[in-house]
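Below is one structure, written out as structure tokens; comments come after it.
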Amino acid sequence: MKKQTTTTPKLDFTSKWAYAPSPESTDHVQLKEQYDLFINGKWVKPVKGKYFDTVNPATEKKLASVAEATQEDVDKAVKAARAAYENVWSKMPAKERAKYIYRIARMIQERAREFAVIESMDGGKAIRESRDVDVPLAAAHFFYYAGWADKLEYAFPGKTVSPVGVAGQIIPWNFPLLMAAWKIAPALATGNTVVLKPAETTPLTALKLAEIIKESGLPDGVVNIITGAGATGAAIVNHPGIDKIAFTGSTDVGKLIQKAIAGTNKKLTLELGGKAANIIFEDAPIDQAVEGIVNGIFFNQGHVCCAGSRLFVQEGVADVVIRKLKDRLESLIVGDPLDKNTDIGAINSKGQLETIKKYIKIGINEGAEMYQSSCAIPSKGFFVRPTLFTNVSQSHTISREEIFGPVLAIQTFRTVEEVIEKANNTPYGLSAGVWTDKGSKIFSLTTKLRAGVIWANTYNKFDPTSPFGGFKESGFGREGGLHGLAPYLVMN
Ligand code: ADP
């Protein structure tokens, strides 16, 4: 029998969907030319006097220069955190601690617009994401954990809990403010003090958070925020005065950290890379699924460790899903992160853009079929067109390695057993998505997929009450929810 093919005329989105520019104003944003280190409640110059630039990846223009903390600065920060822990924070009644955490949450809300704009300027993500996701969720995490501070005995009934001490926290560039909130809020609620280091390409919202922390009246030294690159992170990890490390970043650095603290008493949580499977069954609501796929990998430039970067479509609907996806790709707006119409902003750094381009080349060279949106991209700044690959197999590099960009590798499957096998065939296990009309299928898959978070008929949904974390090389320990308190507590 002749194979039925469906062809649709190519839609002209450029004229139909052209929006007038709608850039968010930057007038209300106050950035200093130079940022020092936030240690013991004060802005202090780095001992060696070195600074580095943080640039706007959409314009390649410098935004500010930022201090590079060395071993000596890390030592100061850890000592300040230790003194604050011993003299003030661990002695303060929990309900008093909670008030500071609530205050920080409210101040983030009050300055939400400024935070969102700075996040988009420094990191490149579309303002819609930073405004609607990053900043509200960061505030929500502080609110949520403020609520736990004086209820820890109910969180872990029958156990006696006490804080760990001084937490060293190292975060990546994809959700700079949100990751700072994920790390700081539970640490404070459980009575710990903190030395936090944001990523070198996105330090500004963490430094703005330091301003809020100072204004909130939080006792000096309870939260110290220091900037620098990998060497600064390593100095935190190796400092003997640190009791716990919380790290979010690449699997390679996670492995280095695990080696570095082996044989010490330091507690560790790692949230590392991912190569999530997003699975579409024939009985799925196809249009919603297509939107979920786009949300899972293309919004936020694919800069999400839980991005649905491997798509598995059941054979019967593969043609229609791929056609609809290609149409949707054409309608995505790539460009100025500060424009409210933008779907996909700038890639965070030149280095990351090169990595993404390298993987696209590998995909083509290994025989996968590439489709890219025909959209125009700005000539200045770090941008890439949303890209999908069909004709992909399990052995292709693009379906095995984390790309951390808007690049989707599509495979098909016939049976539930086959897709479980394929989805689990990865060293990672952070997240997955399942799209089907059948609740029984969802429950069957959630018990068999080796992933920490599984979304059903949705994707990339976060809530402070819900734990997040990985299996296998995606790390261990959970952040968020009641589970997120445990790594900051000693339990007897
Ligand atoms: P990504 O690929 O997301 O940039 P990285 O793991 O390189 O992830 O970076 C995540 C965070 O880890 C950043 O804050 C970075 O400065 C820090 N970092 C990099 N190398 C090290 C290291 N050897 N030890 C501790 N922290 C590090």
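Here are some notes:
Yes or no, residue by residue, for (1) out of contact with any helix residue (DSSP H, G or I) (no Cβ under 8 Å at 6 or more places or on another chain); (2) under 30 Å from Ala20 (Cα atoms):
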residue	(1), (2)
Phe281	no, no
Val290	no, yes
Asp343	no, yes
Gly351	yes, no
Glu369	yes, no
Ile377	yes, yes
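- Qualifying residue in segment 259-271 (condition: more than 21 Å from Ile170 (Cβ to Cβ) and in contact (Cβ under 8 Å) with a residue 60 or more places away in the chain): no
- Of all the numbered requirements in (1) touching a strand residue (DSSP E or B) at 6+ places or on another chain (Cβ under 9 Å); (2) at pLDDT below 95, Thr447 misses one, and that requirement is (1).
- Candidate set: segment 121-138, residues that are in contact with a Lys or Arg (Cβ under 8 Å, 6 or more places away or on another chain) and of a type outside the set (Lys, Arg); chosen: the one farthest from Ile344 (Cα to Cα): Asp134
- Among residues of segment 219-255, those that are more than 7 Å from the ligand (Cβ to nearest atom), in a loop (DSSP other than H, G, I, E, B), of a type outside the set (D, E, K, R) and open to solvent by 10 Å² or more (accessible area, probe 1.4 Å), counted: 4
- 1 or more residues hydroxyl-bearing (Ser, Thr, Tyr) and within 30 Å of Gly351 (Cβ to Cβ): qualifying helices (runs of 4 or more DSSP H) within segment 369-476: 397-400
Quick grid of which residues meet (1) touching a strand residue (DSSP E or B) at 6+ places or on another chain (Cβ under 8 Å); (2) at pLDDT 95 or above:
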residue: Glu153; (1), (2): yes, no
residue: Trp173; (1), (2): no, yes
residue: Ala180; (1), (2): yes, yes
residue: Gly191; (1), (2): yes, yes
residue: Ala206; (1), (2): yes, yes
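- Check on Val164, more than 14 Å from the ligand (Cβ to nearest atom), surrounded by fewer than 24 Cβ atoms within 10 Å (Cβ to Cβ) and in the same structural domain as Pro57 (by TED's automatic domain parsing): yes
- Total residues in segment 168-194, condition outside any helix (DSSP H, G or I) and either within 12 Å of the ligand (Cβ to nearest atom) or open to solvent by 10 Å² or more (accessible area, probe 1.4 Å) (or both): 8
- Hits in segment 256-273 (condition: touching a Ser or Thr at 6+ places or on another chain (Cβ under 6 Å) and either farther than 20 Å from Pro198 by Cα or within 10 Å of the ligand (Cβ to nearest atom) (or both)): Leu272, Gly273
- Tabulated pairs, segment 412-429, first over 17 Å from Leu272 (Cα atoms) and of a type in the set (A, V, I, L, M, F, W, C), second open to solvent by 40 Å² or more (accessible area, probe 1.4 Å) and assigned to a helix (DSSP H, G or I), C-beta under 6 angstrom, 6+ apart or interchain: Ile420/Lys448
- The condition of being charged (D, E, K, R), part of a loop (DSSP other than H, G, I, E, B) and either open to solvent by 10 Å² or more (accessible area, probe 1.4 Å) or within 23 Å of Pro21 (Cβ to Cβ) (or both) does not hold for Asp327.
- Condition check for Glu200: open to solvent by 30 Å² or more (accessible area, probe 1.4 Å), within 8 Å of the ligand (Cβ to nearest atom), in the same structural domain as Leu63 (by TED's automatic domain parsing) and not polar (S, T, N, Q): yes
- Among residues of segment 340-358, those that are open to solvent by 20 Å² or more (accessible area, probe 1.4 Å) and in contact (Cβ under 8 Å) with a residue 24 or more places away in the chain, counted: 7
- Check on Ala284, of a type in the set (A, V, I, L, M, F, W, C), assigned by TED's automatic domain parsing to the domain that holds Asn341 and either open to solvent by less than 30 Å² (accessible area, probe 1.4 Å) or not in a helix (DSSP H, G or I) (or both): yes
The values are calculated or read from the model by the stated rules, or taken from the named source; none is laboratory data. Quantities reported herein were computed from a predicted structural model and do not represent experimental measurements. So basically every Cβ, Gly included, is an ideal-geometry build from the backbone, and we count neighbours across all protein chains shown. With ligands, DNA and RNA removed, areas are computed over all heavy atoms of the protein, side chains included. Shrake-Rupley method; radii C 1.70, N 1.55, O 1.52, S 1.80 Å.
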